[in-house]
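Q: Okay, handing you the structure first.
The values are calculated or read from the model by the stated rules, or taken from the named source; none is laboratory data. Keep in mind that this is a model prediction, so the values were computed, not measured. With ideal geometry, Cβ positions are generated from the backbone for all residues, glycine too; neighbour counts draw on all protein chains shown.
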Amino acid sequence: MQKKQSKECAKCHHKTERILDFKDCAFTTDKLYFLNWRDACPKCGHDDFLSIGEQYMTNDPNEMIIPESIVFRWLENDKLEFTPQSDDIEFKFYKTTQIVSWIDRPETTDFKKSVLMTTLCLKLEDMVYYEEDKKDIEELVQALKRRKELLKSIGYLDTSTEELVTGFVGEF
């Protein structure tokens, strides 16, 4: 899987792009992570940029799956994050069974279990909103109920998400 990173010089508006393997720029601590790209503009030498960003080199969600070897590194290290905002979004499109298997791994840190539990809550909200298959929703609800103690570890859920989840699994 590859990502295209791009930035635009604030002085001359020159646009620079580079294509990297995801494994080299997956975490915010990686030297090649797009927000760590500090090279000066190759055209004018200015080091301030109007914009900087990255995108997957594909639009196919099946090709945007994070390799499991990278996921395992993330699960076992609380200092690794995929985005500065919120890692739970990275896993919303994974199958419930996959997310649950990561939660249940003994090597997964408590913090990362909390992040993945948040992911399951957000996933439930999306599934209900988009009226997805009732069987898939029930599978997710059962996974949350079996891990109700872990729901208590979630640092923050917005009110509407928390109310929806509570309606399905009860108070937590």
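Q: Can you tell which of Leu122, Leu80, Leu151 is aliphatic (A, V, I, L, M), within 30 Å of Asn36 (Cβ to Cβ) and in contact with a Phe, Trp or Tyr (Cβ under 7 Å, 6 or more places away or on another chain)?
A: Leu80
Q: Looking at the structure I just gave you, is Phe22 aromatic (Phe, Trp, Tyr), touching a Gly at 6+ places or on another chain (Cβ under 9 Å), modelled with pLDDT under 95 and surrounded by 13 or more Cβ atoms within 10 Å (Cβ to Cβ)?
A: Numbers: aromatic (Phe, Trp, Tyr): yes; touching a Gly at 6+ places or on another chain (Cβ under 9 Å): no; modelled with pLDDT under 95: yes; surrounded by 13 or more Cβ atoms within 10 Å (Cβ to Cβ): yes.
Criteria not met by Phe22.
A quick yes/no check of all residues on (1) farther than 22 Å from Met64 by Cα; (2) of a type outside the set (Asp, Glu):
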{"position": "Gln2", "(1), (2)": "no, yes"}
{"position": "Lys15", "(1), (2)": "yes, yes"}
{"position": "Asp24", "(1), (2)": "no, no"}
{"position": "Thr29", "(1), (2)": "no, yes"}
{"position": "Leu35", "(1), (2)": "no, yes"}
{"position": "Arg38", "(1), (2)": "yes, yes"}
{"position": "Pro42", "(1), (2)": "yes, yes"}
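Q: Based on what the data block shows, is Glu63 touching a residue at least 24 places away in the same chain (Cβ under 8 Å), surrounded by 13 or more Cβ atoms within 10 Å (Cβ to Cβ) and either closer than 26 Å to Arg105 by Cβ or not basic (Lys, Arg) (or both)?
A: No; evaluated as a whole, the condition is false for this residue.
Residue by residue, here is whether (1) outside any helix (DSSP H, G or I); (2) over 27 Å from Phe111 (Cα atoms); (3) charged (D, E, K, R) holds:
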site	(1), (2), (3)
Lys4	yes, yes, yes
Lys7	yes, yes, yes
His13	yes, yes, no
Arg38	yes, yes, yes
Val71	no, no, no
Asp88	no, no, yes
